[in-house]
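Below: one structure, written as structure tokens.
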Amino acid sequence: MKRLLAGILSIAIANTTAAWGFLGHKTINNRAVFALPPELFGFYKKHLEYITQHAVDPDNRRYLFENEGCKHFMDCDHYEKRAPLDTIPHQWYKAVAIYGEDSLKLHGIVPWNTYMVFKQLTKAFSEKNVPRILKLSADIGHYIADAHVPLHTSGNYNGQKTGQEGIHALWESRIPQLFLDSFQLMNGTVSYLDNPHEYLWKIVEESFSEIDSVLIIEKALSVKMENKKYAFETVGNSIQKVVSSEYCTAYKNAMNSMVERRMRKAIYSVAGFWYTAWVDAGQPILETETPSPEADPMDALAEKIKSQGKIKGREEQGGE
């Protein structure tokens with residue numbers, strides 16, 4: 001499957017502005033299809049290329065819409081010093097009543113927004129609206145994947161508060177770029193999620209509980225390997241300064257393969273939400289011969305302008 005996936009996905013470059021990286025998001029959506037039970041696998045397998053290629057649509061929309069960025073993260077440390085997240089209302093209307101909508105969006109709304117997309121996906125399944133099912137499946141895969149990244153749960157999202165600028169790209173783009181082929185990402189098929197709403201909050205809480213390790217380990221390693229942290233590599237037609245493979249190996253090992261573990265968990269979470277939405281919709285029989293739809297016009301526009309545009313709102317990743 002790794003060789004098959006490599007043929008589908010593009011090679012990720014050293015610097016990227018997509019959360020989880022261009023390669024990471026496409027990998028997660030792609031592998032999630034293969035974690036589905038047989039009764040839903042056939043439908044998603046038919047549309048594997050669409051699900052894979054459109055995994056980055058939500059990031060592309062950040063070049064068009066200022067209100068898109070807040071859907072990808074949550075600054076948990078604005079509310080709590082550490083996990084558990086037991087003082088934040090999990091119901092959107094209760095959170096709005098306490099903090100106000102503007103403040104919530106300023107600090108990120110990934111769990112609330114992702115649950116809303118889940119309900120939209122369930123409705124699309126119940127209506128057997130294949131284009132809508134596929135678009136929302138790709139979107140929710142992206143948001144769920146972002147929720148599995150510790151740096152998406154902190155106001156120190158790029159190490160900018162601790163002198164570690166570029167750690168976002170290092171953790172979720174550079175390490176997968178180097179080591180994806182060695183990651184063990186598949187382990188059976190998913191089952192129904194009894195409480196998807198609370199499952200989302202558990203994902204965010206787990207990610208938040210890892211943020212100190214992400215930062216502290218890298219800080220210590222940066223001192224220890226100061227002279228070995230960077231190297232020059234050929235990227236396309238240019239030579240770029242990147243975090244060295246030796247440093248990335250040491251960081252990956254010091255974190256006990258956290259990136260691999262969170263990516264594997266993201267794959268099964270994405271598949272679980274797809275499957276649960278389908279079951280909640282009454283397990284409709286879906287036409288597997290229907291061709292995949294064309295890209296949404298807004299998503300197509302975002303894809304077109306992203307190379308020349310600037311992200312609206314907060315740039316979560318930064319450069320390496």
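The values are calculated or read from the model by the stated rules, or taken from the named source; none is laboratory data. This structure is a prediction, so every number in the text was calculated from the model and none was measured. Every residue, glycine as well, gets a Cβ built from its backbone with ideal geometry; the counts of neighbours run over all protein chains shown.
Values as computed for the structure displayed
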read-out: The stretch 125-152, residues that are free of Cβ contacts under 8 Å to residues at least 60 places away in the same chain and either surrounded by 20 or more Cβ atoms within 10 Å (Cβ to Cβ) or of a type in the set (A, V, I, L, M, F, W, C) (or both); value: Leu136
read-out: Residues (surrounded by fewer than 17 Cβ atoms within 10 Å (Cβ to Cβ), assigned to a helix (DSSP H, G or I) and touching a residue at least 40 places away in the same chain (Cβ under 8 Å)) located in the stretch 280-298; value: Met298
read-out: Answer from Ser209, Ser213 - the residue that is in contact with a Lys or Arg (Cβ under 8 Å, 6 or more places away or on another chain) and over 19 Å from Ile28 (Cα atoms); value: Ser209
read-out: Residues of the stretch 83-118 classified as among the hydroxyl-bearing types (Ser, Thr, Tyr) and at pLDDT below 95, total; value: 1
read-out: Residue tally, condition touching a Lys or Arg at 6+ places or on another chain (Cβ under 7 Å) and under 17 Å from Lys252 (Cβ atoms), over the stretch 160-183; value: 4
read-out: In the stretch 190-243, the residues that are crowded, with 19+ Cβ neighbours inside 10 Å, farther than 30 Å from Ala271 by Cα and of a type outside the set (D, E, K, R); value: Val242, Val243
read-out: Filtered residue count, the stretch 192-233, keeping only those that are in contact with a strand residue (DSSP E or B) (Cβ under 6 Å, 6 or more places away or on another chain) and of a type in the set (D, E, K, R); value: 1
read-out: Residue match in the stretch 196-213 (condition: free of Cβ contacts under 8 Å to residues at least 24 places away in the same chain and of a type in the set (Ser, Thr, Tyr)); value: no
read-out: Pairs where the first residue, in the stretch 216-238, is more than 18 Å from Trp171 (Cβ to Cβ) and the second is β-branched (Val, Ile, Thr) and outside any loop (DSSP other than H, G, I, E, B), C-beta under 6 Å, 6+ apart; value: Phe232/Ile239; Glu233/Val242
read-out: Residue among Lys265, Lys306, Lys312 that alone is modelled with pLDDT of 95 or more and of a type in the set (Lys, Arg); value: Lys265
read-out: Helices (runs of 4 or more DSSP H) (entirely within the stretch 64-167) containing at least 2 residues that are within 21 Å of the chain's Cα centre (by Cα) and under 26 Å from Lys312 (Cβ atoms); value: 101-106, 110-126, 130-147
read-out: Met186, sole failed condition from (1) assigned to a helix (DSSP H, G or I); (2) closer than 14 Å to Ile267 by Cβ; (3) out of contact with any Gly (no Cβ under 6 Å at 6 or more places or on another chain); value: (1)
read-out: Scope the stretch 1-55; condition modelled with pLDDT of 95 or more and assigned to a loop (DSSP other than H, G, I, E, B); matching residues; value: Phe34, Ala35, Leu36, Pro37, His47
